[in-house]
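Everything below concerns the one structure shown next.
Just so you know, all these numbers are worked out from the coordinates, no wet-lab data involved. The structure displayed is predicted, hence computed values, not measured ones. Note that we place each Cβ from the backbone using ideal geometry, even for glycine, and neighbour counts take in every protein chain shown.
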Amino acid sequence: MLVRADLNVPLEDGRIADETRVRAALPTLELLLDRGAAEVAVCSHLGRPRGPDPAYAIEPVRSRLAELVPDPRVTVLENTRFNAGETANDPRFARELADERDLFVEDAFGSVHRAHASTVGVADLLPAYAGLLLERELRELGRLLDRPERPFVVVLGGAKVDDKIGVLRNLGGRAEIVLVGGKMATELASRPPLEELRALLPVDVVAAAAFDPDAESAVFAADSVREGWTVLDIGPETREAFGEYIESARTIFWNGPMGVFEWPRFADGTKAVAEAVAASDAFSVVGGGDSARAIDELGLADRVTWVSTGGGAALELLEGKELPGVAVIPDA
């Protein structure tokens, strides 16, 4: 078997800082072993190296996976991006991965929005199937698009507005309301209104005299921030308003922090949203990236319905785009 997993984990001093994605790969690997696979070769990218780079060697992940699945039938191949043919979807590299394999299992949801050799090319060479994680991701995220129970509340934050405009349009037209925080809120406030989008922007914010975790800070009305100050979080009135909408929801999707949550003084907005989502008995999905990290660090991940492993892939799916790594799986 050749399994494309998503082992693209953060490393700190050569060690795995967050092994969520490694653990998410385990059910499919264990199923294949239980079903009698003679060999399971696992491939994944790690970081964004431009060719071989010791800083992005797969060894820390290989070692940890060997501890979690101590079976000699499992091997972890080197970082796929060490080969230039990976991102170019080079047939020669795809053939190298597929040689001597009988089946291909796509389980890297976080990478299926990329048409790479290890996500698309090998599926042209081997019988291709969806892994358990990929199936679960498609099922849970699909519920947001297929007649979600109402009220449907979408919470969007973070800094990359352009990456989420498509999601704003697609989900915004389906949801009762979109709650917008983070840098997104500041940028959207200065843009022409999006048609058919029911959005609530912050009424108050926490701003600082400089982009620094220890800078002087204060709460301002959203339209009255002191000149030269930087907005770093939503304010207390906005946190309360967002919480009320989340409390009333029957379906929730959250992607993106409400501010610079890595700095404790500016984490209250993100924490408030995370706690409100966790306290709700609605169907709730947290969409990868920083929001997934935040809810995990707060110890609340087991109180939401689903925490997605794919940031960009989840957004493109919810935007309505076809995912290349899914399109090549016949029954996905």
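Quick notes on this one:
- Directionally averaged shadow of region 258-315, computed from the convex hull of its alpha-carbon atoms, nm²: 3.7
- Radius 10 Å from Cβ of GLY269, net charge of other residues (Lys, Arg +1; Asp, Glu -1): 0
- Between ASP302 and ILE165, the FRET efficiency from the beta-carbon distance, with R0 = 30 Å, is close to 0.40.
- When only alpha carbons are used to place a centre, region 1-60 and region 237-266 end up 32 Å from one another.
- Among the chymotrypsin sites (Phe, Trp or Tyr not before Pro) in region 152-237, those placed in a DSSP loop whose Cβ has at most 16 other Cβ atoms within 10 Å are PHE211.
- Among the trypsin sites (Lys or Arg not before Pro) in region 1-42, those located in a DSSP loop and surrounded by at most 13 other Cβ atoms within 10 Å of their own Cβ are ARG35.
- Net +/- balance of residues flanking ARG64 in space, Cβ distance below 15 Å, scoring K and R +1, D and E -1: -4
- Among ASN89, ALA313, SER291 - extreme Cα towards positive end, dipole of the chain, charges at beta-carbon: ASN89
- Backbone amide hydrogens, once placed in the peptide plane, bring LEU179 within less than 5 Å of VAL154, VAL155, LEU156, LEU200, excluding anything fewer than 5 places away on its chain.
- Long-range amide H partners of LEU232 with built H, under 5 Å: VAL206, ALA207, ALA208
- Treating r as the C-beta distance of ARG147 and LEU33 and R0 as 35 Å, the FRET efficiency rounds to 0.40.
- Evaluated with a Cβ-only charge set (Lys, Arg +1; Asp, Glu -1), region 2-130 carries a dipole of roughly 260 debye about its Cα centre, given to the nearest 20.
- Between GLY235, GLY299, GLY287, the GNM of the chain built on Cα springs shorter than 10 angstrom shows GLY299 fluctuating the most.
- For the pair SER190 and GLU237, the difference between a 0.36 nm per residue extended length and the Cα-Cα distance amounts to 14.8 nm.
- Where N is the number of residues in region 2-130, Cα Rg divided by 2.2 N^0.38 Å: 0.98
- Student exercise, region 139-319 dipole from Lys, Arg, Asp, Glu Cβ charges, in Debye to nearest 20: 540
- Expected 222 nm ellipticity per residue - DSSP helices of 4 or more, -39500 (n - 2.57), all of the chain, to 500: -10000 deg cm²/dmol
- Lys, Arg +1 and Asp, Glu -1 on Cβ, resulting dipole of the chain about Cα centre, debye, nearest 20: 520
- Across the chain, Cα pairs under 8 Å and at least six residues apart give a relative contact order of 16 percent.
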